[in-house]
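Peer 1: Let me begin by handing over the structure; questions about it come next.
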Amino acid sequence: MRRIFWAILFVLLAGSFLAWRLKPDTSEHGRTRLVWISDDNPVRREQIEIFNRSHPDILLTLDPGNIWMEKIIVQSIGGVGPDLFDAVGRYTIYGLVEAGVAMDLTDLAREHGFDLKRTWPAIAKELQIDGRQYSFPCNVVASVLFYNKALFDEYGVAYPPRDWTWDEFVDTASRLTRKARNRSGYECFGVAGLHWYELVLQAGGRMYSDDGTRCVLNSTKALKGIRFYYDLIHKYHIMPGPDDEALIRSEGGWGVGFLKWFGAGRVAMVRSGRAGLITLREYEALRGKIGAVHLPHDAEKAGLVYSRNCAVNRQSTNRDAAITFLEYLASDAYNTQIVRSADSLPPIPEYVDRDGFLHDPAHADEDFNDIFAEAMRRGVVPEISPLISPWVANKIMYDLIQDMSGNLRSPEETAEQMAFRVNRRIYQNLCKYQTFRDRYMTCTGKAFDAGDQQWKQYRQE
Amino acid sequence: MSAGSGKTFSWKHRRARSDLHAAMLFLMPNLFGLLAFVVFPVLFSLVMAFTNWDLTHREPFGAVGLENFRDILWGERSKEFWKYFLNTVYFMLGMPVSIAGSLLLAILVNRPIRIGKTYVRRWLAGAVVFLAGVCVALALWQAGRQGFSVAVLWVTVAAVLGVAAGVVFFRTMFYLPQFTAGVAIFVLWKNLFQPQFGLINQVLGLLLSTLVKLAGWVPPAVPKSLGVIVAAMVAWLTLKKLHQTISKSPAEGIGFLIKHLIATVILALGGAGFVWMCWRFPGLAEAESAPPAWLLSVKNLWAMDPEEIWPKRQFWGLGARDAIVFMSIWATIGGGNMLLYLAGLTTIPRELYEAVEVDGAGRWAKFRHVTWPQLAPTTFFIVVLSIIAGLQGGFEQARVMTQGGPAETTVTLGYYIYLVGFQEFQLGLASAICWIVFGIIFAVTALNWRYGNRYIQVDETVNM
């Protein structure tokens, strides 16, 4: 019996040795292999090809299957993370920095020419964490309203003005909304994809107080924005509700959802960034029929802006190659490609003022490109509080907004609950963690007092 | 060295020791794997449950004693923990239906399908079914009901294949959900439950609108009269049962009294419910004629308030929780439980059935006095495993179908562990929740073994 065992063991060891010898080298044909976690946008391949051609000693590969933040953190901590990973917006990069997986790039960025002074001021504010830089934007997003000229012509509705108010918007969208003839539901909605937080900003509201220590979504102005979001679905019926969204969400992949409904003529206006054009250009019926205007406004002409930014894994063994990639993000070749492919807006602002962006000869019918730059310049980045993890706060708000969209809560209750639950979590963080108490001291100039009257309602019953 | 050879087996023998060493050498790779990937992580998580391990480094890493357990069981997280525990228990409501269904399916597929005495007659029957099905499908297609037409075609194909392949076809069909990837099933059901376009509400909407029309034709006096008649019958039956129970109970004992009193109460309540429905029929039909919103609704059969976990009338109905229960019943009814029952059915001695047939027992009596007691060990095993799976489960459904909504009504303990561990990155707290869930499962399983096992042993003693 033992002889059999040793024979089998020998065979297995020999096989393992052979497999190890035949394992492909990470440096393919002498090239350093870089793994970049990003989304599966079709134009990503061209961006990678340009980089690989101009850097023959590096082989950049895309990993679109691990884009979730928790995957990146767990893989990186486990030592099997990528070299480069994308973070979308402030919340994600904040989380990656807190988890200790993103490398501090401040000094390297200055040295290699991709510091935050080179990008948009709002994005520079978004990506600066405690005065340090941990990433550089791959592209930046400012939302506008695309509208389908064919549907406007069919329903005899005048094209919207470049800047318009909520009332004008509701009036126009109402005239474009059509009920289905032989079944329940709607054949065409006036608009889709509006973001509740943008409506709060447009109403003059805020998410957090000036010092960032309290959630103020229950203020009158914030409530006005939240109520308007609710009314779009349940009062005016011009925007799809959760049951319609549920139909779309079961589809997966990049560029799906309301853009496809817009392409199919089921939505007359859709909120999207410039990257939406990548999907919309595939629709023959929309050639020359797309227009773009600013999001409607109330008290403020506000819209959210954010970036898809790229960070370097602190544990990457190919650090130099990764820094080279970030240099590439600030290069002419990359920014020109972004302009040409409509992959949102380039990270370097000067490219949107060039003729190649404003009047792209390959898409002469897209005569609205200046609106993106304008939206970018007037946009604001999402607020965060130093006393609560942004994605925890985001999840609380998202769940409550979903309930409200499904008519399970009133706007007033939603606003109250958002403020209550976020502030309760802030209170719990302050009671539990010294780190947060120190931040509270920095923000307010005074020590946290758990017995203070302002915190009374958050104490556990 | 066998027992029959007359020699005593001993580990001191050189050959035995050599065999043991060889066995251990063969087992070692598997043991290493077990230690590295099962035992070590479990022990590691137990240690981490007593720490403040947080991937976002809010505080320096250190031991916190029982603080995590305190927070979850009666501290700042207790309200949400117990709410999600109730959600988990709610999802197990379908378990008795699923187990009973598995038993029924096992009994059905345990016998061959006999259609006609000859091969030719069987195929003739199949051809008739096929033609009839195709005609009905065509008629529905012409009438503009393409969806129903396709459904009828599928049923026809299934029936014909059943005729051709016999019971093997149905066994395969019932077991099919087990082969299918979970996520694919959940995405499919999510579309089925879509309130506007989903197939379920298309059918339900048609049925309910037909019922409402019928309700409109029926004069209100008819259901009310029926209600009065049924009320009188139920009252008479209930009193009769009560009288029987009380008169027999001194002889039969307290157990008999309790069992039959419970049956009496159920009969009275069921009858009262039916009478109430008859009385309210016209208004009820109108009010309940809209199909449920399923995954978008917080209503449920327990009428549980999503915030406060207490029953409240306005939450009574069919919603996300029930949708997941129905889907789980479908997924498990033809699965491993059916196979276990099939295996159990084949072990029942034929002589037992012959013995009760001699006494003139019908099908129900055979089931009650032979099949059910003989399957007691299998049922016990299935119940124990189902409870364990139920308390652990619910993660995939929440993650794919509802993200825990609406209003956190579909967050189970499994999904809560994921939220705390990988959305808040508090791995110490998530580990503590895991161990609390383990404690609950262990306690429930121990209770099952203590009391359920005793029932099986009593049955085995009686049947010996």
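Peer 1: What ³J(HN,Hα) values, in whole Hz, does the Karplus curve 6.51 cos²θ - 1.76 cosθ + 1.60 give for the range A:67-78 when θ = phi - 60°, with x put for Gly and Pro?
Peer 2: Calculated HN-Hα couplings, in order: 6, 6, 4, 5, 5, 4, 5, 5, 5, 5, 5, x Hz.
Peer 1: Is there a quick way to get the dipole size of chain B? I mean about its Cα centre, with the Cβ of Lys and Arg at +1 and of Asp and Glu at -1; what is the value in debye to the nearest 20? Can you show the working numbers first?
Peer 2: Details: 36 positive and 23 negative charges, 306 e Å.
Approximately 1480 debye in magnitude.
Peer 1: Then there is this: Taking 0.36 nm per residue of separation and subtracting the Cα-Cα distance, what length does fully extending B:V89 through B:A361 add? Write down the numbers at each step before the final one.
Peer 2: Values: separation 272, 0.36 × 272 = 97.92 nm, distance 3.87 nm.
Taking B:V89 through B:A361 to full extension adds about 94.0 nm, to one decimal.
Peer 1: If each residue's Cβ is checked for other Cβ atoms within 10 Å, how do B:S98, A:S209 rank with the fewest at the top? List each step's numbers first, then the result.
Peer 2: Working: B:S98 25, A:S209 15.
If I rank by nearby Cβ atoms, fewest first, I get A:S209, B:S98.
Peer 1: Can you give me the long-range amide H partners of A:N139? Hydrogens built in the peptide plane at 1.01 Å from N, cutoff under 5 Å, separation of 5 or more residues or another chain.
Peer 2: Sorted by chain and number, the residues that satisfy this are A:R308.
Peer 1: To continue, here is another question. Write down the Å³ per residue value for the convex hull defined by the alpha carbon atoms of the protein assembly as shown. Don't jump to the answer; show the numbers that get you there.
Peer 2: Working: hull volume 258.4 nm³, N = 925.
Normalising the Cα hull of the protein assembly as shown by residue number yields 279 Å³.
Peer 1: Taking A:K301 as the anchor, which lysines have their alpha carbon closer than 21 Å to its alpha carbon, excluding any fewer than eight residues away along the same chain?
Peer 2: Filter leaves A:K125, A:K221, A:K224.
Peer 1: Let me ask something else about it. If r is the Cβ-Cβ distance from A:L18 to A:L358 and R0 is 60 Å, what FRET efficiency results, to the nearest 0.05?
Peer 2: Computed FRET efficiency for A:L18 and A:L358 comes out at 0.50.
Peer 1: According to a simple spin-label model (label point 7 Å from Cα along Cα-to-Cβ), what is the distance in nm between A:Q434 and B:K224?
Peer 2: That separation, rounded to one decimal, is 7.6 nm.
Peer 1: Lys/Arg Cβ at +1, Asp/Glu Cβ at -1, dipole of the range B:3-73 taken about the Cα centre: which of B:L20, B:F32, B:G62 is farthest positive-ward?
Peer 2: B:L20
Peer 1: Students often get this wrong: which residues of the range B:322-354 have the backbone nitrogen under 16 Å from the point 7 angstrom along Cα-to-C-beta of B:L108?
Peer 2: B:329-339, B:341-342
Peer 1: Can you give me the P(r) profile for the range B:3-73? Cα pairs, bins 10 angstrom wide beginning at 0, each as a whole percent.
Peer 2: 16, 24, 18, 15, 13, 11, 3, 0
Peer 1: Something else about it: Restricting to DSSP H runs of at least four residues, report the calculated mean residue ellipticity at 222 nm for chain B, -39500 (n - 2.57) per run over all residues, nearest 500 deg cm²/dmol. Don't jump to the answer; show the numbers that get you there.
Peer 2: Details: 20 runs with 316 residues, N = 464.
Computed ellipticity for chain B at 222 nm equals -22500 deg cm²/dmol.
Peer 1: Can you list the chymotrypsin sites (Phe, Trp or Tyr not before Pro) in the range A:27-109 that are in a DSSP coil and have 13 or fewer other beta carbons within 10 angstrom? Let's see the in-between values first.
Peer 2: Numbers: sites: A:W36, A:F51, A:W68, A:F85, A:Y91, A:Y94; in loops: A:W68.
Of the chymotrypsin sites (Phe, Trp or Tyr not before Pro), the ones in loops of the range A:27-109 whose Cβ has at most 13 other Cβ atoms within 10 Å are A:W68.
Peer 1: At a 10 Å Cβ-Cβ cut-off, how would you order A:Y433, B:Y119, fewest neighbours first?
Peer 2: On the way: A:Y433 16, B:Y119 8.
With the fewest neighbours first, A:Y433, B:Y119 line up as B:Y119, A:Y433.
Peer 1: Follow-up question, since we're still on this one. Enter the mean number of other protein chain beta carbons within 10 Å of the beta carbon of each residue in A:67-78, as an integer. The partial results should precede the final answer.
Peer 2: Working: counts 0, 1, 3, 6, 1, 0, 4, 5, 0, 0, 1, 0.
Average per residue, whole number: 2.
Peer 1: What number results when the radius of gyration of chain B, computed over Cα atoms, is divided by 2.2 N^0.38 Å?
Peer 2: Values: Rg = 28.3 Å, N = 464, 2.2 N^0.38 = 22.7 Å.
Ratio of Rg to 2.2 N^0.38 Å for chain B: 1.25.
Peer 1: Roughly how many Å is it from the Cα centre of the range A:150-201 to that of the range B:330-365, as a whole number?
Peer 2: Between the Cα centre of the range A:150-201 and that of the range B:330-365, the gap is 62 Å.
Peer 1: At a 10 Å Cβ-Cβ cut-off, how would you order A:D107, A:D211, fewest neighbours first?
Peer 2: On the way: A:D107 11, A:D211 14.
Ordered by Cβ neighbours within 10 Å, fewest first: A:D107, A:D211.
Peer 1: Now for a separate question. How are the alpha carbon pair distances in the range B:354-457 distributed across 5 Å bins from zero to the largest one, expressed in percent?
Peer 2: Here the calculated profile for the range B:354-457 is 2, 11, 14, 14, 13, 10, 9, 8, 7, 4, 4, 2, 1, 0.
Peer 1: Right, something else. Once phi is turned into ³J(HN,Hα) by the Karplus curve 6.51 cos²θ - 1.76 cosθ + 1.60 with θ = phi - 60°, what whole-Hz value does each residue of the range B:321-330 show in order, with x for glycine and proline?
Peer 2: Each residue of the range B:321-330 in turn: 4, 5, 4, 5, 4, 4, 5, 5, 4, 4 Hz.
Peer 1: Let me ask something additional. Tell me, what are the semi-axes, in whole angstrom and largest first, of the equivalent ellipsoid of the range A:322-420 as set by the roots of 5 times the Cα gyration tensor eigenvalues? Could the numbers behind the result be given before it?
Peer 2: Working: eigenvalues 293, 77, 27 Å².
Its equivalent ellipsoid spans semi-axes of 38, 20, 12 Å.
Peer 1: Which parts of the range A:394-422 would a label at B:W310 reach, counting a residue when its backbone N lies under 17 Å from a point 7 Å out along Cα-to-Cβ?
Peer 2: none
Peer 1: Please report the projected area of the range A:1-99's Cα convex hull averaged over all directions, in nm². Spell out each step's value before the answer.
Peer 2: On the way: hull surface 38.7 nm².
Average projection, Cα convex hull of the range A:1-99: 9.7 nm².
Peer 1: For chain B, what relative contact order do you get, as a whole percent, if you take Cα pairs closer than 8 Å and at least 6 residues apart?
Peer 2: Details: 471 pairs, mean separation 109.7, N = 464.
Relative CO of chain B lands at 24 percent.
Peer 1: Let me have the 222 nm mean residue ellipticity of chain A computed from DSSP H runs of 4+ only, each contributing -39500 (n - 2.57), with the sum over all residues rounded to the nearest 500. Don't skip to the answer; put the middle values down first.
Peer 2: Numbers: 20 runs with 206 residues, N = 461.
-13000 deg cm²/dmol, from helical runs alone.
Peer 1: What share of all Cα pairs of the range B:116-232, in percent, falls into each consecutive 10 Å distance bin?
Peer 2: All Cα pairs, binned at 10 Å, distribute as 11, 23, 29, 21, 15, 1 percent.
Peer 1: Oh, and also: What does the C-alpha gyration tensor say about the overall shape of the range B:396-457? Classify as rounded when a/c is under 1.5, otherwise prolate if a/b is larger than b/c, or oblate.
Peer 2: On the way: a/c = 4.28, a/b = 1.87, b/c = 2.29.
The shape class here is oblate.
Peer 1: Could you work out the relative contact order of chain A, using alpha carbon pairs under 8 angstrom and six or more residues apart, expressed as a whole percent? Walk me through the numbers before you get to the answer.
Peer 2: On the way: 764 pairs, mean separation 98.5, N = 461.
Relative contact order for chain A comes out at 21 percent.
Peer 1: Can you tell me which aspartates and glutamates have their Cα less than 15 Å from the Cα of B:K213? Leave out same-chain residues fewer than eight positions away.
Peer 2: Correct list for B:K213: B:E286, B:E288.
Peer 1: Something else: For the range A:272-376, what's the relative contact order in percent, using C-alpha pairs closer than 8 Å and at least 6 residues apart? Don't skip to the answer; put the middle values down first.
Peer 2: Details: 75 pairs, mean separation 35.7, N = 105.
Reported as a whole number, the value is 34 percent.
Read-outs: derived from the displayed coordinates by stated rules, not from any lab. Because the structure is a prediction, the values reported are computed rather than measured. Every residue, glycine among them, receives a Cβ derived from its backbone with ideal geometry; neighbour counts consider all protein chains shown.
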